[in-house]
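Engineer: This is the structure I have questions about; it appears just below.
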Amino acid sequence: MAIATNNLTATIQDYSQRLGADPCIVIENEYALWRTETLNISIRHDSNCPTGTVRHVGWEDPTASEFSQETDVNGLIWERFSAADQATEINNIWPGINYRPQDSKC
């Protein structure tokens, strides 16, 4: 699940408490990602979406051969991706971050 926010710091604090874990990666003033055994959730400062808006949903699937997405009847984007696909997307959006899920704390 990917959620828009206009206050990354407060949202990181709130969600870390709710999830009982710190994010795997934080890109200051931009993005944070939590990966647990049961949940992959990210937050992003996105001026195109009202705070609290679900930007997209989907599945982290280790068997996914490539990133894919489709839009449902309500206009909601559903994604299917592996951890490596997600890392590639993060690294393409924020060059120089070099996020590698196998090296993160989650």
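Read the figures in this text as sums done on the coordinates, not as results from a lab. Bear in mind that the values here come from a model prediction, so they are computed numbers and not experimental data. Cβ placement follows ideal geometry from the backbone for every residue including glycine, while neighbour counts extend to all protein chains displayed.
Engineer: Of the GluC sites (Glu not before Pro) in segment 4-106, which ones lie in a loop per DSSP and count no more than 16 other C-beta atoms within 10 Å?
Structural biologist: The qualifying sites are 28, 30, 37, 66.
Engineer: Mind giving me the FRET efficiency for residue 103 and residue 57? R0 is 25 Å, r the Cβ-Cβ distance, nearest 0.05 is fine.
Structural biologist: E(calc), rounded to 0.05, equals 0.45.
Engineer: So, one more: What are the ³J(HN,Hα) couplings of segment 67-78, residue after residue, when phi is run through the Karplus curve with 6.51, -1.76, 1.60 and θ = phi - 60°? Round to Hz, x for glycine and proline.
Structural biologist: Those phi angles translate into 5, 9, 8, 8, 10, 7, 4, 8, x, 7, 7, 10 Hz.
Engineer: Share of antiparallel DSSP beta bridges in the chain, in percent to the nearest 5?
Structural biologist: Values: 14 of 22 bridges.
About 65 percent, rounded to the nearest 5.
Engineer: A follow-up question, please. Sort segment 43-94 into rounded, prolate or oblate with this rule: let a ≥ b ≥ c be the square roots of the eigenvalues of the Cα gyration tensor; rounded if a/c is under 1.5, and if a/c is not under 1.5, prolate when a/b is larger than b/c, oblate otherwise. Write down the numbers at each step before the final one.
Structural biologist: Details: a/c = 2.53, a/b = 1.30, b/c = 1.95.
Oblate is the answer for segment 43-94, as a/c is 1.5 or above yet b/c matches or exceeds a/b.
Engineer: Moving to a separate point now. Once you've got the GNM for the chain with C-alpha springs shorter than 10 Å, pick whichever of 92, 48, 74 has the biggest mean-square fluctuation.
Structural biologist: Most flexible of the set in this elastic network: 74.
Engineer: Normalised by the number of residues in segment 2-103, what is the relative contact order in percent for Cα pairs under 8 Å and 6+ residues apart?
Structural biologist: Numbers: 161 pairs, mean separation 23.5, N = 102.
This gives 23 percent for segment 2-103.
Engineer: From the C-alpha coordinates alone, can you work out the Kirkwood hydrodynamic radius of segment 1-82, in Å?
Structural biologist: Evaluated on segment 1-82, it is 13.4 Å.
Engineer: Separate question: Quick one: length gained pulling residue 94 to residue 76 fully straight, 0.36 nm per residue minus the C-alpha distance?
Structural biologist: 4.1 nm
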